[in-house]
Amino acid sequence: MKKHNGMRPHDIMVLLKIAAKGKSDWLMKDLAQELVISQSEISESLNRSMLAGLLASDKRFLMRSALLEFLQYGMPYVFPQRPGAIVRGMVTAHSAPPLNNLISGSDQFVWPWAKGQHRGQSIEPLHPSAPIASQNDTLLHELLALVDCLRLGRIREQNLALEQLKIKI
């Protein structure tokens, strides 16, 4: 069996894409194309996630409770994020649906992206292709934005994000 060398940020994006697909069948090549990540990286990501107990041994089904637990307790420590400079990009965290209707505030957070329509403090996405992949999949965008709330470390937003993740995953 292969040695587990730790999770990588894009592994979370792959798992969230699988969650966004729900019960529909998927192939690695489809994940690679939709996430703009190579097939070999998708394969390695699935292996790491299976070894970590976040995917079933057949690498097809999410271990929902384990994933939610990792997102809740691991994200702020393993992949923390601090807001950066004001840039143009795609909204994320509580600035994006579904939390933008629940939280009002002056802070706007975005993934830096030249084609973005919003300005706000930059949040580094889990993978550079996150804005491109999210533009074609609104549920994936919502899940990634909720995970960014967990990464930022604000308690109120974390609790609201976790509630939404439990509903959507």
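Calculated on the alpha-carbon coordinates, the convex hull of the chain measures out at 108 cubic angstrom per residue. Dividing the helix sum by the residues of the chain, where each DSSP H run of 4 or more adds -39500 (n - 2.57), gives a mean residue ellipticity at 222 nm of -15500 deg cm²/dmol.
Only Cα sites of the range 1-91 enter the Debye sum here, all with the same form factor; the resulting log10 I(q)/I(0) across q = 0.16, 0.18, 0.22 1/Å is -0.69, -0.86, -1.17, listed in q order. Near Arg88, once Lys and Arg are set to +1 and Asp and Glu to -1 for all other residues with Cβ below 13 Å from its Cβ, the sum equals +2. Among Ala133, Ala66, Ala20, the residue with the largest mean-square fluctuation in a Gaussian network model of the chain, with springs joining Cα atoms closer than 10 Å, is Ala66. Quick one, could you list the DSSP H helices from the chain stretching 15 Å or more along their long axis (Cα atoms) with average Kyte-Doolittle hydropathy of 0.5 or above? Flagged H segments are 9-21, 138-152. Take the Cβ atoms of Trp26 and Arg64, set R0 to 22 Å, and the FRET efficiency comes out at 0.85. Under the combined filter of DSSP loop state and at most 16 neighbouring Cβ atoms within 10 Å, the range 1-99 retains these trypsin sites (Lys or Arg not before Pro): Lys2, Lys3, Lys23, Lys59, Arg60. Across the range 83-169, C-alpha contacts under 8 Å between residues 6 or more apart give a mean separation that, scaled by the residue count, equals a relative contact order of 31 percent.
Please state the relative contact order of the range 67-128 as a whole percent: Cα pairs under 8 Å, 6+ residues apart? It rounds to 37 percent for the range 67-128.
Counting only aspartates and glutamates at least 8 places from Lys29 when in the same chain, those with an alpha carbon closer than 17 Å to its own are Asp11, Glu41, Glu44, Asp58, Asp137. Do any of Lys59/Lys168; Lys115/Lys168; Lys17/Lys168; Lys21/Lys166; Lys23/Lys115; Lys17/Lys59 go past 22 Å between their Cα atoms, and which? Over 22 Å apart, Cα to Cα: Lys115/Lys168; Lys23/Lys115. Entry comment: accessible area of the chain is 51 Å² per residue, from protein heavy atoms only and a probe of 1.4 Å. For the range 74-169, the spread of Cα positions along the three principal axes, ordered from largest to smallest, is 31, 28, 26 Å. Using a probe radius of 1.4 angstrom, the carbon and sulfur fraction of the accessible surface of the range 81-169 is 49%.
The values are calculated or read from the model by the stated rules, or taken from the named source; none is laboratory data. Since we're looking at a predicted model, the values are computed, not measured. Positions of Cβ are backbone-derived with ideal geometry, glycine not excepted, and every protein chain shown enters the neighbour counts. Areas reflect the complete protein model, heavy atoms only, side chains present, ligands, DNA and RNA absent. Shrake-Rupley method; radii C 1.70, N 1.55, O 1.52, S 1.80 Å.
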